[in-house]
1. Check which residues have an amide H placed less than 5 Å from GLY33's amide H, if you skip close sequence neighbours.
2. Looking at the chain as a GNM with Cα springs under 10 Å, which of ILE68, ILE38, ILE15 has the largest mean-square fluctuation?
3. At a 10 Å Cβ-Cβ cut-off, how would you order CYS109, CYS84, fewest neighbours first?
4. With a 4.7 Å Cβ cut-off, tell me which Cys residues in the chain come up empty for a partner.
5. Extending each Cα 7 Å along its Cβ direction at ARG16 and VAL103, get the distance between those two points in nm, one decimal.
6. For the chain, with the dipole built from +1 on Lys and Arg beta-carbon atoms and -1 on Asp and Glu ones, taken about the Cα centre, which of ALA59, ASN18, THR91 lies farthest toward the positive end?
7. When the chain is modelled as a GNM with alpha-carbon springs shorter than 10 Å, which of ARG58, ARG34, ARG16 fluctuates the most?
8. Using a Gaussian network model of the chain with C-alpha springs under 10 Å, which one of GLU41, GLU22, GLU99 is most mobile by mean-square fluctuation?
Amino acid sequence: MAIKDIKPKNPKFHIRKNDLVEIITGEEKGRRGRVLEINREKATALVEGVNLVKKHQRARSQTTTSGIVTLPAPIHVSNLVLICAKCGKKTTIKKTTVEEKRVRICKLCEEII
């Protein structure tokens, strides 16, 4: 096995679950939404109300019905930018220690995210 095939076990991202993000590339460019879920192995995130796809679903039991269901599809983390909750602008973060706890701070308004 080559050295370049080894991936880090637990990659770290600039976004987390429930963060407000904006799409910066692709068909959904400019749309905003909350992060519902993050897949660390594939480096993707599910964003609420963005990148919706239609899936044909079979009835799995007597109680569930079949039909066409609209679901959010994952977006690569590199195509997302964090939106600060206070100033409402696209921002990058810096990580510092406040009262012995690591926190993320907006670089524009210096508020804890």
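Read-outs throughout are calculated quantities, based only on the coordinates presented, and are distinct from any laboratory measurement. Just so we're clear, the structure is a prediction, and the values are computed from it rather than from any experiment. No Cβ is skipped: glycine too gets one built from the backbone with ideal geometry, and neighbour counts run over all protein chains shown.
1. Amide H neighbours of GLY33, under 5 Å, 5+ apart: VAL21.
2. Of ILE68, ILE38, ILE15, the most mobile in the Gaussian network model is ILE68.
3. Neighbour counts put them in this order, fewest first: CYS109, CYS84.
4. Taking the Cβ cut-off of 4.7 Å, the chain has no unpaired cysteines at all.
5. Going by the 7 Å Cα→Cβ label model, 1.2 nm.
6. Value computed over the given set: ALA59.
7. Of ARG58, ARG34, ARG16, the Gaussian network model singles out ARG58 as fluctuating most.
8. GLU99
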